[in-house]
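Taking it in order: structure first as structure tokens, then the write-up.
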Amino acid sequence: MGAGPAAGGRGARSSPSPWAGRGVACGGEELRWPGPGGGGSRLLLEGVRVPAPLREPARPAGEGRAACEGAGGPLARSSSRFMLGRGLKRKLSDYEENMAGLSSAFDSSRNLPYPLKRQLVLNMCLTKLQTYKMLVEPNLHRSVLIANTVRQIQEEMRQESSQQPINVCNGIAPNPPSYPGIDSSGISLHLPSGSSQQESNCCNSWSAEGPIENSLLMVSDDDMSSAISSILKDLDFMEDISPPTSLVPAGDDEPPKSPENTCLKLEDDRQDLKGAECVFGSFEISNSTSYLKDLAIDDIFEDIDTSMYDSDFCSPPLMAPRPPSAATEETLKTFPSCNSSSTNNIPICRTDLSELDHIMEILVGS
Amino acid sequence: MAFPDSDIISTVEFNHTGELLATGDKGGRVVIFQREQESKNQPHRRGEYNVYSTFQSHEPEFDYLKSLEIEEKINKIRWLPQQNAAYFLLSTNDKTVKLWKVSERDKRPEGYNLKDEDGRLRDPSMITMLRVPVLRPMDLMVEATPRRVFANAHTYHINSISVNSDYETYMSADDLRINLWNFEITNQSFNIVDIKPANMEELTEVITAAEFHPHHCNTFVYSSSKGTIRLCDMRASALCDRHSKFFEEPEDPSNRSFFSEIISSISDVKFSHSGRYIMTRDYLTVKVWDLNMENRPIETYQVHDYLRSKLCSLYENDCIFDKFECVWNGSDSVIMTGSYNNFFRMFDRNTKRDVTLEASRENSKPRAILKPRKVCVGGKRRKDEISVDSLDFSKKILHTAWHPSENIIAVAATNNLYIFQDKVN
């Protein structure tokens, strides 16, 4: 990797590489000093932190280049390796329309079931966080507000599920080595607890994980779950290189935790990512405070289920290769099956299916 | 109507006498307006504001270490009280505060001995007599010079500056820290509030605004993204992490939604001129708090409650994060704040009456009286009312200012500045 540490090379991240993102320097070749003249602003755009390619995108080819929403300007030179943001350019307007449609559906509809509303909001929050993550300098105020909203929703979901004795598999793809963005079950990734396509399969796959009441609590893939923490950490790391000139002794200048603690993830990519952070952590500037500390699983976030959100966040909830209509149908089919096993806490199964259909169409973009 | 982004006005502030009005824009420029002297010949022209000075306060910068562009947008301007013929103001962008001196020059010396009128040096051998240069009037020239630059003290984005009543110090606040400066010292500042957690993942609250008490130089308040206000006394300890007072209203459970926290974030906090009250602005309301009562505000005014049912859409298009400011009038009897569709609202605290007005070219012929506007919430729309769905959310009035003693207001509507005065009978 040839990490060039000393200059605190975490400054510019101009080339997308496996190590880019999450505050990791790409080593000596990183351009910390932008070129003269007009190179400055150009470098800024190129220096965008791109999330590490945590999974191989299984997308159909013709997705086109991405222009990440909200990033402003010709932001992302995302290479095809990066799932996030791919296909955005083509779908951006669709996405915006869909989101606008969803949010006005949220606002105007009285019939929308509460869990669905909640899920919509959660979707939007995570999408925004993901978008911010791709910005060079995310807005701290907004990130904190959105993160709090996510936490609040998650807490609510957790409390709800803790009242359910039944183990409800929610069709979230099991924890596979490849990210479940496009997984075999494909569908019902937008819908929260209560819809299970292959319940038995699901439960089987989860059974190894132990008796957890609701698979929502499980982190099959905590890429998004750590998006929040990573954004905040990154903000810290990004911004707080120069502490205020007159110091109240921070008292939190602890050495970074040993790398071994942090490398716990399952996928190779994730291990790479964490490994990169570990490596980088050892180069932490000594007089700075607390960034890149504690890369272990964040307790607060470990129970956020984000397998739904792994793949394309910036486009309408992702589409598996299978045609949307089939997905919709299958989703609808699953409701009767989950009806029997779900408790009253999952009213979604009993909702007006036509309304749900409408929502699904929007989500699915058909 | 296309205009460059750089023309968007980002702050408006009257000086302490109301003679000057400063605006800052996204392009880093400051434009100062001066009120005309009232003349007996034209009693109708009751002191209009004309451009007095324009200068480039901040330039875009590039932070090479972090590979970040620092915007030149002026976040806040605050005037210092006038102590001599020159005017002083503080202007800040995200990272750097500058003290500017604005002074007039209306005379220039003429009759130099060694140079001629064009400035060329004369041949000393040609000089046959000496004279004393005299000052002759010249066209008024207003020049702005940066006197101090207070840089490199903020890791996060500066959202507020506030001049202390001692006129020797001021504070600057960013998302997580507040620093105290002495005007004379630019290479040091004193950190008085630091809410940064040891582990950034634990961060749940940021500072959104801060202001010194108008009379007590040891007291200041800062507001947070969780809808709370903390009043701190600098005499209590050097680092004011422990507040003296904590203002928070318990949440109304009937109004709870997914967006409750986001809309509770306070976007502006202002002391009343008397120093007895503070006013806060969150997304949907303006609240007035008595400094002696911490558990709830004494007054709450709904700015645009019809938006409560549109929160998801407003969240989706990020409008929910808009930061509206609020202002008191000189006597603290009326408060004003902006809204969407170029509407702004005024609330009379005594009569409890409120009015919605619009800042737009069509409605604002010179000396035309502003017509009150009304938003109708559904159901039948009367003539002249506008329905919620027709509101233009790109036309937002975030920044307004009220003359310190008269009923003159300045309203910034995106790239346009409107100045309204009381009609003289």
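The values are calculated or read from the model by the stated rules, or taken from the named source; none is laboratory data. Keep in mind the model is a prediction, meaning the values are calculated, not measured. A quick note on method: Cβ atoms are made from the backbone with ideal geometry, for glycine too, and the neighbour counts reach across all protein chains shown. Accessible surface is based on the protein model in full, side chains and every heavy atom, while ligands, DNA and RNA are left aside. Shrake-Rupley method; radii C 1.70, N 1.55, O 1.52, S 1.80 Å.
Residue count for the stretch B:188-204, restricted to those that are within 7 Å of chain A (Cβ to nearest Cβ), of a type outside the set (F, W, Y) and either open to solvent by 10 Å² or more (accessible area, probe 1.4 Å) or part of a loop (DSSP other than H, G, I, E, B) (or both): 7. Among the candidates B:E72, B:E61, the residue that is farther than 27 Å from B:N329 by Cα, within 17 Å of the chain's Cα centre (by Cα) and acidic (D, E) is uniquely B:E72.
Filter the stretch B:77-91 down to residues that are open to solvent by less than 30 Å² (accessible area, probe 1.4 Å) and aromatic (F, W, Y) and give me whichever is farthest from B:I419 (Cα to Cα). Let's see the steps before the verdict.
Residues of the stretch B:77-91 open to solvent by less than 30 Å² (accessible area, probe 1.4 Å): B:77, B:79-81, B:86-87, B:89-91.
After this cut, where a residue has to be aromatic (F, W, Y) as well, the list is B:79, B:87.
Numbers: B:W79: 19, B:Y87: 21 Å.
Per the criteria, the residue is B:Y87.
Of all residues in the stretch B:335-356, those being open to solvent by 10 Å² or more (accessible area, probe 1.4 Å) and touching a residue at least 40 places away in the same chain (Cβ under 8 Å) number 5. Examine the stretch B:403-420 for a residue that is open to solvent by less than 40 Å² (accessible area, probe 1.4 Å), in contact with a His (Cβ under 6 Å, 6 or more places away or on another chain) and part of a strand (DSSP E or B), and state whether such a residue exists. Yes, because at least one residue in the stretch B:403-420 is open to solvent by less than 40 Å² (accessible area, probe 1.4 Å), in contact with a His (Cβ under 6 Å, 6 or more places away or on another chain) and part of a strand (DSSP E or B). Scanning the stretch B:1-30 for residues being assigned to a loop (DSSP other than H, G, I, E, B) and free of Cβ contacts under 8 Å to residues at least 24 places away in the same chain gives a total of 4. Among the residues of the stretch B:298-310, those identified as more than 7 Å from every other protein chain (Cβ to nearest Cβ) and free of Cβ contacts under 8 Å to residues at least 60 places away in the same chain are B:I298, B:E299, B:T300, B:Y301, B:Q302, B:V303, B:D305, B:R308.
Within this structure, B:K95 passes the test of being out of contact with any Leu (no Cβ under 8 Å at 6 or more places or on another chain), of a type outside the set (G, A, S) and touching a residue at least 24 places away in the same chain (Cβ under 8 Å).
Scoring B:Y277 on the criteria (1) free of Cβ contacts under 8 Å to residues at least 12 places away in the same chain; (2) more than 14 Å from chain A (Cβ to nearest Cβ) leaves a single failure, condition (1).
Looking at the structure I just gave you, is B:F33 open to solvent by less than 50 Å² (accessible area, probe 1.4 Å), assigned to a strand (DSSP E or B) and either closer than 18 Å to B:F420 by Cα or in contact (Cβ under 8 Å) with a residue 24 or more places away in the chain (or both)? Walk me through how you get there before you give the answer.
Numbers: open to solvent by less than 50 Å² (accessible area, probe 1.4 Å): yes; assigned to a strand (DSSP E or B): yes; either closer than 18 Å to B:F420 by Cα or in contact (Cβ under 8 Å) with a residue 24 or more places away in the chain (or both): yes.
Yes: the conditions hold for B:F33.
For the stretch B:92-122, a residue qualifies if it is open to solvent by 80 Å² or more (accessible area, probe 1.4 Å), of a type in the set (D, E) and in a loop (DSSP other than H, G, I, E, B), and the qualifying residues are B:E117, B:D118.
Residues that are of a type in the set (D, E, K, R), assigned to a loop (DSSP other than H, G, I, E, B) and either within 10 Å of chain A (Cβ to nearest Cβ) or surrounded by fewer than 18 Cβ atoms within 10 Å (Cβ to Cβ) (or both) within the stretch B:51-76 comprise B:E59, B:K66, B:E71, listed in sequence order. Being among the small types (G, A, S), under 24 Å from B:N191 (Cα atoms) and either open to solvent by 10 Å² or more (accessible area, probe 1.4 Å) or not in a helix (DSSP H, G or I) (or both) is a description that does not apply to B:S309. Checked against (1) open to solvent by less than 60 Å² (accessible area, probe 1.4 Å); (2) of a type outside the set (A, V, I, L, M); (3) within 30 Å of B:Y277 (Cβ to Cβ); (4) not in a loop (DSSP other than H, G, I, E, B), B:T300 meets all criteria but (1).
Check the stretch B:15-23 and report whether any residue there is touching a Gly at 6+ places or on another chain (Cβ under 7 Å) and over 22 Å from B:R361 (Cα atoms).
Initially, the stretch B:15-23 is screened for residues touching a Gly at 6+ places or on another chain (Cβ under 7 Å), giving none.
The answer is no, given that none of the residues of the stretch B:15-23 is touching a Gly at 6+ places or on another chain (Cβ under 7 Å) and over 22 Å from B:R361 (Cα atoms).
Taken over the stretch B:213-255, the criterion of being of a type in the set (F, W, Y) and away from chain A (no Cβ under 14 Å) is satisfied by B:F220, B:F246, B:F247. The residues of the stretch A:126-142 that are within 9 Å of another protein chain (Cβ to nearest Cβ) and under 17 Å from B:I320 (Cα atoms), listed by number, are A:K128, A:N139, A:L140, A:H141, A:R142. Among residues of the stretch B:54-65 that are within 17 Å of B:F88 (Cβ to Cβ) and β-branched (V, I, T), none has a Cβ under 8 angstrom from a residue that is at pLDDT below 95 and part of a loop (DSSP other than H, G, I, E, B) at a sequence gap of 6+ or on a separate chain. Might you check whether a residue that is small (G, A, S), touching a Leu at 6+ places or on another chain (Cβ under 8 Å) and at pLDDT 90 or above occurs anywhere in the stretch B:223-231? Yes - at least one qualifying residue is present in the stretch B:223-231.
Among the residues of the stretch B:125-148, are any within 14 Å of chain A (Cβ to nearest Cβ) and at pLDDT 85 or above? Write out each step before concluding.
So the first thing to find is which residues in the stretch B:125-148 are within 14 Å of chain A (Cβ to nearest Cβ), and the list is none.
No, the stretch B:125-148 has no match at all.
Quick one: in the stretch B:149-185, of everything that is of a type in the set (S, T, N, Q), in a loop (DSSP other than H, G, I, E, B) and facing chain A (nearest Cβ under 10 Å), which residue is most open to solvent (accessible area, probe 1.4 Å)?
Of the stretch B:149-185, the ones of a type in the set (S, T, N, Q) are B:152, B:155, B:159-160, B:162, B:164-165, B:169, B:172, B:179, B:182.
Checking which are in a loop (DSSP other than H, G, I, E, B) leaves us with B:152, B:155, B:159, B:164-165.
Now narrow it down to the ones that are facing chain A (nearest Cβ under 10 Å): B:152, B:155, B:159.
On the way: B:N152: 126, B:T155: 1, B:N159: 25 Å².
Residue satisfying both the conditions and the ranking: B:N152.
Examine the stretch B:317-338 for a residue that is over 27 Å from B:N179 (Cβ atoms), in contact with a helix residue (DSSP H, G or I) (Cβ under 6 Å, 6 or more places away or on another chain) and not in a strand (DSSP E or B), and state whether such a residue exists. Looking for residues that are over 27 Å from B:N179 (Cβ atoms), in contact with a helix residue (DSSP H, G or I) (Cβ under 6 Å, 6 or more places away or on another chain) and not in a strand (DSSP E or B), one finds at least one in the stretch B:317-338, hence yes. Residues in the stretch B:276-297 that are part of a loop (DSSP other than H, G, I, E, B) and polar (S, T, N, Q) were compared, and the one that is farthest from the chain's Cα centre (by Cα) is B:N295.
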